[in-house]
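See below for the structure under consideration.
Every number here is computed from the coordinates shown, using simple stated rules; none is lab data. Since the model is a prediction, treat every value here as computed from it, not as a measurement. Reconstructed Cβ throughout: ideal geometry from the backbone, glycine too, with neighbour counts over all protein chains shown.
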Amino acid sequence: MAESTLSGRVWILLDRVGSLIEDIDTDQIYHNAHLHITDTAKMGEYALGNLEGWEDFPQKARPGDVLVAGRNFGAGSSRQQAVDCFLSLGIVAILSPSFGAIYFRNAVNSGFPVLRCPEIKPLVESGLLATGDEVRVHFQSGDAQIINKNVTFHIFPMSEVHYDIFSAGSLYNYGKARIQE
Amino acid sequence: MGKTIVEKIIQSHTQEEARAGSIVWVDLDVRSARDFGGPNVVLNYKREYGDVPVDDKEKTFFTFDLCVPACSLKYADNQQICREFARKQGIRIFDVDRGIGSHVLIEEGLALPGTTVVGTDSHLNILGAVGCFGQGMGDVDITFAFRTGKMWFEVPATLKVLIDGQVSWPATPKDLILYILKILGTEKASLKAVEFYGEAVNTLPLAGRITLCSMITEMAGIIGFVPETNSFLREEMRILTQEDFSSIEADVDATYVDEVKINIDGLTPQVAAPFSPENVFAVDELTGTRIDSGFIGSCTNGRTEDFAAAVRILKGRRVKEGVMLKVVPSTRQVYQELLQQGLLEDLFASGAIISNPGCGGCAEGHIGLTGEGEIQISTGNRNFAGKQGKGKTYLASPEVVAASCVLGSIANPKDV
């Protein structure tokens with residue numbers, strides 16, 4: 001069984017004037033010019049490569065970091081690479097008020113925690129949550145903390161299917177146990 | 001308790017109770033991959049399942065439509081990876097000659113009312129236009145679907161949208177969906193299915209339904225349906241698929257998450273300005289904006305009717321000197337109709353550049369890219385920053401694109 005909590009240093013996707021960026025689409029996350037790449041290890045260097053102000057994210061990110069984004073993160077195309085590029089960098093989770101539908105299931109299928117958190121916007125706007133903070137989230141209870149500030153908040157707990165796929169590591173592993181038996 | 005259209009279709013493909021909010025395992029009638037995503041599917045498949053046959057090769061397809069024929073060595077390699085896998089597995093390919101996968105699936109009678117279809121195209125929900133539950137997915141899902149014929153899916157809640165009023169020239173179905181996007185944005189229909197009602201949509205032929213349903217993706221929605229049909233559509237579909245066309249209707253006591261009424265009286269041509277499809281203005285607010293290029297095609301406006309509409313503006317006129325007008329039919333069948341109806345000749349005479357069928361105007365790989373500083377007006381469905389290049393893209397109907405190319409600036413068709 002996988003861990004049901006994780007913690008990490010956060011990056012908050014803000015625009016030039018300091019607002020949380022909403023509706024970030026998959027061409028901003030992983031541009032279609034790089035879709036010919038099939039090796040996940042090589043996808044990390046293009047992560048957020050077409051998001052203004054974040055082109056240097058692959059150089060700044062460290063394995064174990066957590067990404068925080070505005071609503072409808074991952075709008076647009078069905079490309080798995082927009083999830084794989086973060087796996088490639090060792091990003092451990094993404095928190096957003098909501099995700100594009102296809103993006104969300106692509107992440108779930110790869111065992112990558114995409115966590116819905118309705119409190120993101122007020123937390124960021126009030127300055128309570130900032131880049132560099134350490135957060136800890138519990139997938140099943142939905143309890144979350146900003147560790148260095150001793151602030152608590154909540155995420156939507158993972159649904160059973162999502163948690164089971166996450167625990168199995170991927171849809172393939174989950175399916176081998178569940179569907180093909 | 002009654003069911004919405006999406007609940008009904010999913011219910012007929014699962015053993016579990018399909019209700020909005022429940023996660024169920026869905027049997028898939030068609031599983032497809034294209035030249036973006038397809039090579040990853042093949043690599044994933046070989047890694048996870050080795051040489052094991054796909055679940056059902058008769059229900060599995062490749063549709064190449066993005067970089068067709070391959071314009072770079074990487075894509076030539078990637079397409080060949082898919083071809084060799086397909087040959088070995090006995091899977092049919094709609095190859096680089098055939099056109100946009102979603103349209104090909106409709107023309108081939110593979111996307112029928114009440115069926116479930118998945119593929120690596122985020123606009124595969126366009127199939128809602130014919131009452132089919134189509135969904136775009138990433139390569140992990142599609143690999144799994146190739147092997148098992150199944151997917152997990154959270155049954156979406158349904159938003160009922162009542163359109164009050166008529167669409168009349170110079171407004172078109174594209175202007176209707178852009179106006180709906182302006183009203184609903186990316187939040188109202190987010191993660192929901194949409195059922196459209198009202199005379200303006202009930203009377204639409206296939207082309208208009210495709211245009212309408214193609215931009216549900218841009219609303220962050222799951223799929224759109226137009227339950228009411230008309231005799232023209234039924235005949236059109238019967239000729240296309242050689243089968244009787246019967247629509248899927250919601251139960252009268254189905255439960256909707258919300259109902260929105262949109263009044264479209266006096267609807268004028270609409271234009272989505274950079275860099276969001278919901279950033280919509282009446283064309284008259286943008287007229288005079290200089291353009292460098294125009295694009296007519298895409299899965300949103302790539303049917304014969306769309307080009308015929310453009311020709312009505314372009315015939316006897318010329319694309320303004322210094323403006324590039326790029327035309328890409330959605331499929332080989334549409335291409336043939338354009339040839340037979342003389343529309344290709346009219347487009348050629350106007351100065352348009354005409355290419356073979358495919359997904360031009362959207363992704364790097366086919367024509368329709370923009371250079372830094374370039375301003376393009378396109379019948380496509382996305383104008384996100386950097387998507388088609390460093391230029392700026394406006395989204396509009398074929399008529400508005402044609403009129404704008406004649407005048408060299410964004411124009412209302414009635415002013416040409």
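Distance from the C-alpha centroid of segment B:1-55 to that of segment A:127-181: 24 Å, rounded to the whole angstrom. Computed 3J(HN,Hα) for segment A:108-121, one whole-Hz value per residue from the Karplus formula 6.51 cos²θ - 1.76 cosθ + 1.60 where θ = phi - 60°, is 4, 5, 8, x, 9, x, 10, 10, 7, 9, x, 8, 4, 4, glycine and proline marked x.
Rounded to whole numbers, the Karplus 3J(HN,Hα) couplings from phi for segment A:27-42 are 6, 7, 6, 8, 5, 4, 5, 10, 6, 6, 6, 10, 9, 3, 4, 8 Hz, using 6.51 cos²θ - 1.76 cosθ + 1.60 with θ = phi - 60°, and x at Gly and Pro. Taking every DSSP beta bridge that has both residues in chain B, what percent is antiparallel when rounded to the nearest 5? Once the DSSP bridges in chain B are tallied, antiparallel ones form about 20 percent. Between A:Phe156 and B:Ala349, the simple label model (points 7 Å from Cα in the Cβ direction) yields a spacing of 5.6 nm. Full extension of the chain between B:Asn263 and B:Leu191 yields a length gain of 23.6 nm, computed as 0.36 nm times the residue separation minus the alpha carbon distance. With springs only between Cα atoms under 10 Å, which of B:Ser397, B:Ser247, B:Ser298 fluctuates most in a Gaussian network model of chain B? Checking each option, the largest mean-square fluctuation is seen for B:Ser247.
Inter-label distance, B:Met1 to B:Arg312: 4.6 nm, where each label sits 7 Å from its Cα along the C-beta direction. Using only Cα coordinates, the Kirkwood hydrodynamic radius of the protein assembly as shown works out to 24.2 Å. Backbone phi angles across segment A:82-94, fed through the Karplus curve with coefficients 6.51, -1.76 and 1.60 (θ = phi - 60°), yield HN-Hα couplings of 6, 8, 4, 5, 6, 4, 4, 7, x, 5, 9, 6, 10 Hz in residue order; Gly and Pro are listed as x. Diagonalising the gyration tensor over the Cα atoms of segment B:1-89 and scaling each eigenvalue by 5 before taking the square root yields semi-axes of 33, 16, 11 Å, largest first.
Taking 0.36 nm per residue of sequence separation and removing the Cα-Cα distance, the A:Asp143/A:Leu128 pair yields an extension gain of 3.8 nm. Residues whose amide H comes within less than 5 Å of that of B:Gly389, counting only those at least five positions distant or on another chain, are B:Thr370 (H built at 1.01 Å from N in the peptide plane).
Our compactness index for segment B:10-154, the C-alpha radius of gyration over the empirical 2.2 N^0.38 Å, is 1.00. Across chain A, the fraction of Cα-Cα pairs farther apart than 27 Å, rounded to a whole number, is 22%. Within the same chain, aspartates and glutamates fewer than 8 places from A:Lys149 are excluded, and of the rest, those with a Cα less than 17 Å from its Cα are A:Glu119, A:Glu125, A:Asp133, A:Glu134.
For A:Gly111, nonlocal amide neighbours, meaning residues 5 or more places apart or on other chains whose placed amide H falls under 5 Å from its own, are A:Leu171. Put simply, the C-alpha atoms of segment B:222-287 give a gyration tensor, and the ellipsoid matching it has half-axes of 32, 20, 13 Å, longest first. For B:Val260, nonlocal amide neighbours, meaning residues 5 or more places apart or on other chains whose placed amide H falls under 5 Å from its own, are B:Lys160, B:Val161, B:Leu162.
Averaging the sequence gap over all C-alpha pairs within less than 8 Å and six or more residues apart, then dividing by the number of residues, gives chain B a relative contact order of 17 percent. The largest-to-smallest principal axis extents of the Cα set in segment A:123-181 are 50, 19, 18 Å. Enumerate the whole-percent occupancy of each 20 Å bin, from 0 to the last occupied one, for all C-alpha pair distances of chain B. Pair shares across the bins are 28, 59, 13, 0. Over segment B:274-416, the alpha carbon radius of gyration divided by the compact-protein estimate 2.2 N^0.38 Å works out to 0.93.
Here chain A is assigned +1 on the Cβ of each Lys and Arg and -1 on the Cβ of each Asp and Glu. Its dipole about the Cα centre then comes out at about 240 debye. Please check: in the Gaussian network model of chain B (C-alpha springs, under 10 Å), which one of B:Leu339, B:Leu286, B:Leu110 has the largest mean-square fluctuation. For chain B, modelled as a Gaussian network with Cα springs under 10 Å, the answer is B:Leu339. Inter-chain Cβ neighbour count for B:381-387, averaged per residue, equals 6 (cutoff 10 Å, partner chain atoms only). Each Lys and Arg adds +1 at its Cβ and each Asp and Glu adds -1 at its Cβ; summed about the Cα centre, segment B:10-154 shows a dipole of about 300 debye.
Only lysines eight or more places from B:Lys192 in sequence, or on another chain, were considered; those with a Cα closer than 29 Å are A:Lys121, B:Lys3, B:Lys8, B:Lys59, B:Lys150, B:Lys160, B:Lys174, B:Lys182, B:Lys261, B:Lys387.
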